[in-house]
Amino acid sequence: MKVLVAIKRVIDYNVKIRVKSDETGVETTNVKMSMNPFDEIAIEEGVRLRENGGAEELVAVSIGPKQTQETIRTALAMGADRGIHVETDDEVEPLAVAKLLHAIVEKENPDLVILGKQAIDDDSNQTGQMLAALLGWSQGTFASELEMSDGKANVTREIDGGLETIQIKLPAVVTTDLRLNTPRYASLPNIMKAKKKPIDESSPADLGVDISARLTTLKVTEPSSREAGVIVEDVAELVDKLKNEAKVI
Ligand code: AMP
């Protein structure tokens with residue numbers, strides 16, 4: 001079995017996001033970037049499948065600017081066998097990402113593609129579903145457990161009010177939820193080994209995909225700041241304020 005994992009380079013989740021003064025987007029200059037957390041979980045799941053004999057090859061794919069190679073190296077240090085980098089400086093919307101991944105899947109013929117359920121920068125939660133639709137493959141989204149058996153995957157999904165387990169046929173697309181696993185840290189020897197693993201380079205044009213934007217961002221603004229709270233003396237004052245000021249009871 002061959003597994004392909006899609007990883008995105010995003011602003012690190014610990015960074016306080018700053019909006020650009022011209023309101024065209026968020027500041028990325030000199031900002032720490034990392035692998036999207038849900039994609040770390042996707043790589044970890046791929047590495048586990050590779051380690052327990054379920055998968056023979058694990059390929060990490062990323063679309064983005066030159067520095068995206070660092071993110072691919074992290075995936076290689078975690079245990080992926082090789083990388084594919086589609087280089088572009090343009091912002092790539094989920095549909096264009098799905099089309100690029102579609103083109104790569106046609107070349108690579110994996111049995112399973114794992115993506116994060118969402119990228120924490122655009123919060124779109126679209127790419128995996130769009131990729132499955134373009135390929136005409138089964139999909140198991142928001143996976144909190146994945147079990148492979150006999151050309152099938154049992155995917156336990158986090159849904160409103162509980163867990164749902166579905167069985168899908170391979171080839172399939174799976175997207176990861178937070179509780180699927182805890183990603184490992186790459187060890188120093190593995191970071192060194194990852195430097196020698198191959199990364200294949202291409203461009204959207206090489207893959208024959210038009211990535212021009214279909215959406216126009218009108219403006220990006222900070223959320224309005226919250227008003228300071230007040231400390232009340234007793235329950236009676238709280239009830240009075242809720243009734244007469246906030247008018248919520
Ligand atoms: P989104 O639909 O943008 O929320 O992203 C969902 C998932 O699609 C991410 O967790 C990644 O697995 C994948 N993905 C999105 N953008 C990229 C990208 N530029 N390169 C590789 N994978 C991506």
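What do you reckon, is Pro204 surrounded by 12 or more Cβ atoms within 10 Å (Cβ to Cβ), under 30 Å from Glu27 (Cβ atoms), over 14 Å from the mean Cα position of the chain (by Cα) and within 14 Å of the ligand (Cβ to nearest atom)?
Yes; evaluated as a whole, the condition is true for this residue.
Just to verify a result, which residue in the stretch 58-105, among those that are among the acidic types (Asp, Glu) and either near the ligand (Cβ under 10 Å from one of its atoms) or farther than 13 Å from Asp200 by Cβ (or both), is surrounded by the most Cβ atoms within 10 Å (Cβ to Cβ)?
The residue in question is Glu93.
Exactly one of these conditions fails for Ile249: (1) of a type in the set (A, V, I, L, M); (2) closer than 30 Å to Ala75 by Cβ; (3) exposed (fewer than 13 other Cβ atoms within 10 Å of the Cβ). Give me its number.
Status for Ile249: all satisfied but (2).
Please work out if Ala6 is in contact with a helix residue (DSSP H, G or I) (Cβ under 9 Å, 6 or more places away or on another chain) and either polar (S, T, N, Q) or surrounded by fewer than 24 Cβ atoms within 10 Å (Cβ to Cβ) (or both). Steps first, answer last, please.
Details: in contact with a helix residue (DSSP H, G or I) (Cβ under 9 Å, 6 or more places away or on another chain): yes; either polar (S, T, N, Q) or surrounded by fewer than 24 Cβ atoms within 10 Å (Cβ to Cβ) (or both): no.
Judged against the criteria, Ala6 is not a match.
Within the stretch 109-133, which residues are away from the ligand (no atom under 12 Å from the Cβ) and crowded, with 16+ Cβ neighbours inside 10 Å? Walk me through it before giving the result.
Step one: list which residues in the stretch 109-133 are away from the ligand (no atom under 12 Å from the Cβ), which gives 109-112, 133.
Hits for the stretch 109-133 are Pro110, Asp111, Leu112.
Take the stretch 20-54 and flag every residue that is of a type in the set (A, V, I, L, M), modelled with pLDDT of 95 or more, farther than 17 Å from Arg73 by Cβ and more than 12 Å from the ligand (Cβ to nearest atom).
Quick first cut of the stretch 20-54, residues of a type in the set (A, V, I, L, M) only: 26, 31, 33, 35, 41-43, 47, 49.
Okay, now just the ones that are also modelled with pLDDT of 95 or more, so 31, 33, 35, 41-43, 47, 49.
If we keep only those that are farther than 17 Å from Arg73 by Cβ too, we end up with 31, 41, 49.
Answer for the stretch 20-54, where residues must be of a type in the set (A, V, I, L, M), modelled with pLDDT of 95 or more, farther than 17 Å from Arg73 by Cβ and more than 12 Å from the ligand (Cβ to nearest atom): Val31, Leu49.
Give me the strands (runs of 3 or more DSSP E) completely within the stretch 127-221, filtered to those with at least 2 residues that are within 19 Å of Leu112 (Cβ to Cβ) and either in contact with a strand residue (DSSP E or B) (Cβ under 6 Å, 6 or more places away or on another chain) or basic (Lys, Arg) (or both), ordered by residue number.
Details: elements: 138-149, 152-159, 162-169, 172-176, 199-202.
Ranges flagged: 138-149, 152-159, 162-169, 172-176.
The values are calculated or read from the model by the stated rules, or taken from the named source; none is laboratory data. Quantities reported herein were computed from a predicted structural model and do not represent experimental measurements. Cβ atoms come from the backbone with ideal geometry, glycine included; neighbour counts cover every protein chain shown.
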